[in-house]
1. Within the group G104, G144, which residue is buried (at least 19 other Cβ atoms within 10 Å of the Cβ), over 29 Å from L35 (Cα atoms) and near the ligand (Cβ under 10 Å from one of its atoms)?
2. Test I209 against the stated conditions and say whether it is within 22 Å of S68 (Cβ to Cβ) and touching a helix residue (DSSP H, G or I) at 6+ places or on another chain (Cβ under 6 Å).
3. Determine if region 212-223 includes at least one residue that is within 16 Å of the ligand (Cβ to nearest atom), open to solvent by 50 Å² or more (accessible area, probe 1.4 Å) and not in a loop (DSSP other than H, G, I, E, B).
4. Among residues belonging to region 149-175 that are more than 10 Å from the ligand (Cβ to nearest atom) and within 21 Å of L212 (Cα to Cα), point out the one that is surrounded by the fewest Cβ atoms within 10 Å (Cβ to Cβ).
5. For region 86-101, which residues satisfy the criterion of being more than 12 Å from the ligand (Cβ to nearest atom) and on the phi < 0 side of the Ramachandran plot?
6. Given (1) in contact (Cβ under 8 Å) with a residue 24 or more places away in the chain; (2) of a type outside the set (F, W, Y); (3) within 14 Å of the ligand (Cβ to nearest atom), where does I115 come up short, assuming only one miss?
7. Under 27 Å from N98 (Cβ atoms) and either open to solvent by 90 Å² or more (accessible area, probe 1.4 Å) or without any contact (Cβ under 8 Å) to a residue 40 or more places away in the chain (or both): does that describe K187?
Amino acid sequence: MSENTQLTAPGTFDNMFSTEQTEELLRRAQPFIELMMQYECTVREVETKLNNLNDEFSTRYNYNPIESVKTRVKDPISIIEKMKRKNILPTIENIEKNLNDIAGVRVICSFPGDIYALADILTAQDDITLIQRKDYIALPKPNGYRSLHLIIETPIFLSTGKKLMRAEVQFRTIAMDFWASLDHKLKYKQNIVNPEEISADLRKCADSIAELDARMQEIHNRIARENAEQE
Ligand code: 0O2
């Protein structure tokens, strides 16, 4: 690091904390660091399961139901903020018990039908327990948000043994994801001149997207039927 980019003057950190204080800080942070590592393992496990299914579909049916899989582990600040909102002390035990979405997996599918088929196949795996299912496609949120949310429990294997971990898996089509990205961006925009008008516009876009998804599904089904008849 060059002198210009160094955040603190040389030696400042050493002056701020004694070796004992630094060791104490790291000792206290260690359980949280380990928990975050376990959530990283969890998203990798679930991502692998989904990629395996996509590979199988590709080989067996020459068809990929998954466009992409995105994963993230909730960052520490968002975890603390969510615990604060829920009015719960952010201890390791409380975080594990009360937050189901620290490990997050988003599955972007081509068609709405793929969402339900994949969700059923995934939750039928014998090392997955379905904890909660929220179908915001059948029953969209008032703002127009659509996605299928599953909270699942699945094991990770550590040197100390098996540990059951929770993860949130969100299934959406490409079009639903496009809508949710814009909606998410607007949530963090300050000083919007006419928020009601924008919300109403977004609501209309959500309905157009649902109609488009249904038409694309119908075309896809027609092509599949014609292919099956020709075989
Ligand atoms: P991030 O950064 O995406 O993780 P709970 O988690 O159960 O306490 P809630 O609201 O009941 O809270 O959960 P729900 O409804 O299952 O939604 C949680 C996640 O879904 C959100 O996570 C978003 O990712 C997504 N989501 C839900 N509603 C909307 C919406 O209206 N617009 C968009 N763009 N996304 C939505 P986080 O933690 O809010 O954010």
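The values are calculated or read from the model by the stated rules, or taken from the named source; none is laboratory data. Owing to the predicted nature of the structure, the values given are computational and were not obtained by experimental measurement. Here the Cβ is made from the backbone with ideal geometry for all residues, glycine too, and neighbour counts use every protein chain on show. Calculation scope for accessible area: heavy atoms of the full protein, side chains included, ligands and nucleic acids excluded. Shrake-Rupley method; radii C 1.70, N 1.55, O 1.52, S 1.80 Å.
1. G144
2. Here the answer is yes, as I209 does meet what is asked.
3. Among the residues of region 212-223, not one is within 16 Å of the ligand (Cβ to nearest atom), open to solvent by 50 Å² or more (accessible area, probe 1.4 Å) and not in a loop (DSSP other than H, G, I, E, B), which makes the answer no.
4. By that ranking, first place goes to I174.
5. L89, P90, T91, I92, E93, N94, I95, E96, K97, listed by residue number.
6. Here I115 meets the rest and fails (3).
7. Judged against the criteria, K187 is a match.
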